[in-house]
Amino acid sequence: MRRYDAEVVHAAMVALMRDRGISAAHAADVADALVDASLRGIDTHGVRLLDFYLKEIEGGRAKKQPSFRIHGDYPAAALFDADDALGVVAGAAAMREVIGRARKAGIAALAVSRSNHFGRADYFARMAAAAGQIGLVFSNSDALVVPFGGVVPLNGTNPLAMAAPGLDDDGFYLDMATSQTAYSRVLLALRHGLPVEPGLATNQEGQDLSHGGDLGALQPLGGIKGQGLGMMIQILCALLSNMPFDAELSNLYREPYDTPRQISHFMVAIEVAAFVDPAVFRARLSELLAQFRQSQPAGAAPVRVPGDPEREVEADRRRTGIPLAEEDVAVLSGYLAVERVAADHPDVAMT
């Protein structure tokens, strides 16, 4: 795959979305999140999603110009109505709101209703960390995970994320699903005729997929513990926002993309200064991370902490560029030339 400079890709994405009638601010939110994911090596949630998000808008699932509304009189808690916006746009707007509220109240939380797929949960948690706060982000999704000992999917892969700032650019960045593995990973293995490890997924008869058959559902992470985490996220997201349960949500890729999915999120920001000197917190967090990184490894590879693999990939891709598949290049065809972007969209920053 050919590699492209991240700034060029970002500018091309913004230019394409502006040509489709998406506001400059919302186009920047989408490009920021997707380029960030690709830079960090999470290509499944990176630039490749742009075409899908455009289809959501063109089909009517997501609104091009949503009108956000905030309900509730509590200073540190509210319901954020995303008005069927693109999930990335809704997530960024909601996190900015919760960061601002936490700055005043010490801690704040928002339940987000009427949203869509928002990509990587840790992207929004890291927005809080960049503001010197601790960020917690949760989202529900359509049911793909069976209960422990069950055969009917009732939980989504329901991700959770946490981000906390350390010294300089260091920090704790956790992003995880509550299923044993990613749905796309199992599909890819089946497509290439590769074996699926026992305990990851079930077939359509409810048996372990390692025995053969077509993919039915995923297993919960750690058995009953993962099931409980998935249910916890449904409670925080779907119940607090009065949105559908996971089992009532439509599949992400079900066409036509003309019906809002009513995905819900839950976001928390914690103002570190409300509890401890932020400088002390940052130093102690980096000390904690160092304890793990410097601990004795079981083999040749060093011990890592959440966020380290992505940080290493990002350092490489900022030097060498983001690898784009041919289909992703085709979506941006005509926009990847810096000269064209600069000429047609002088409002798009190239640096």
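The values are calculated or read from the model by the stated rules, or taken from the named source; none is laboratory data. Here the structure is a predicted model, which means the values were calculated and not measured. Ideal geometry is used to build each Cβ from the backbone, glycine not excepted, and the neighbour counts take in all protein chains shown.
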- request: Within segment 237-279, track down each residue that is under 30 Å from Val152 (Cα atoms), among the acidic types (Asp, Glu) and surrounded by fewer than 12 Cβ atoms within 10 Å (Cβ to Cβ).
  value: Glu248, Glu255, Asp258
Test result for Arg282, modelled with pLDDT of 90 or more and either surrounded by fewer than 18 Cβ atoms within 10 Å (Cβ to Cβ) or within 20 Å of the chain's Cα centre (by Cα) (or both): no
- prompt: So is Met231 crowded, with 16+ Cβ neighbours inside 10 Å and either out of contact with any helix residue (DSSP H, G or I) (no Cβ under 9 Å at 6 or more places or on another chain) or among the polar types (S, T, N, Q) (or both) or not?
  reply: yes
message: Looking only at segment 94-112, count every residue that is in contact (Cβ under 8 Å) with a residue 40 or more places away in the chain and within 26 Å of Val14 (Cα to Cα) and tell me the total.
response: 5
Which numbered condition Leu194 fails, given (1) surrounded by 14 or more Cβ atoms within 10 Å (Cβ to Cβ); (2) outside the structural domain of Arg293 (by TED's automatic domain parsing): (1)
- prompt: Which of the residues that make up segment 1-40 are outside any helix (DSSP H, G or I), closer than 16 Å to Tyr123 by Cβ and out of contact with any Asp or Glu (no Cβ under 6 Å at 6 or more places or on another chain)?
  reply: none
field: Selection status of Ala131, touching a Pro at 6+ places or on another chain (Cβ under 6 Å) and either crowded, with 24+ Cβ neighbours inside 10 Å or of a type outside the set (Lys, Arg) (or both)
entry: no
field: Spans of strands (runs of 3 or more DSSP E) in segment 155-250 with at least 3 residues under 21 Å from the mean Cα position of the chain (by Cα) and modelled with pLDDT of 95 or more
entry: 160-165, 171-176
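Results for (1) out of contact with any Gly (no Cβ under 6 Å at 6 or more places or on another chain); (2) outside the structural domain of Met231 (by TED's automatic domain parsing); (3) within 25 Å of Tyr257 (Cα to Cα), shown as yes or no for each residue.
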{"position": "Leu110", "(1), (2), (3)": "yes, no, no"}
{"position": "Arg120", "(1), (2), (3)": "yes, no, yes"}
{"position": "Asn140", "(1), (2), (3)": "no, no, yes"}
{"position": "Gly149", "(1), (2), (3)": "yes, no, no"}
statement: Scanning segment 151-200 residue by residue, those farther than 30 Å from Leu289 by Cα and out of contact with any strand residue (DSSP E or B) (no Cβ under 9 Å at 6 or more places or on another chain) turn out to be Ser184, Leu188, Ala189, Arg191, His192, Gly193, Leu194, Pro195, Glu197
statement: The helices (runs of 4 or more DSSP H) lying wholly within segment 308-351 that contain at least 2 residues that are within 19 Å of Ser38 (Cα to Cα) and at pLDDT 85 or above are 308-320, 326-331
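For (1) more than 19 Å from Ala121 (Cβ to Cβ); (2) in contact (Cβ under 8 Å) with a residue 60 or more places away in the chain; (3) in the same structural domain as Ile99 (by TED's automatic domain parsing), each residue gets a yes or a no:
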site	(1), (2), (3)
Gly199	yes, no, no
His211	yes, no, no
Gly228	no, no, yes
Leu252	no, yes, yes
Tyr257	yes, yes, yes
Pro260	yes, yes, yes
Ser264	no, yes, yes
Val268	no, yes, yes
statement: Taking segment 47-74 and the residues there that are part of a loop (DSSP other than H, G, I, E, B) and touching an Asp or Glu at 6+ places or on another chain (Cβ under 8 Å), the one that is surrounded by the fewest Cβ atoms within 10 Å (Cβ to Cβ) would be Ser67
statement: Here the residues within segment 75-106 that are aliphatic (A, V, I, L, M) and part of a helix (DSSP H, G or I) are Val88, Val89, Ala90, Ala92, Ala93, Ala94, Met95, Val98, Ile99, Ala102, Ala105
message: Between Arg96, Arg20, Arg101, Arg40, which is surrounded by fewer than 23 Cβ atoms within 10 Å (Cβ to Cβ) and either of a type in the set (Phe, Trp, Tyr) or not assigned by TED's automatic domain parsing to the domain that holds Phe124 (or both)?
response: Arg20
task: Just give me the residues in segment 136-161 being surrounded by fewer than 22 Cβ atoms within 10 Å (Cβ to Cβ) and either more than 14 Å from Leu218 (Cβ to Cβ) or small (Gly, Ala, Ser) (or both), in sequence order.
output: Gly149, Gly150
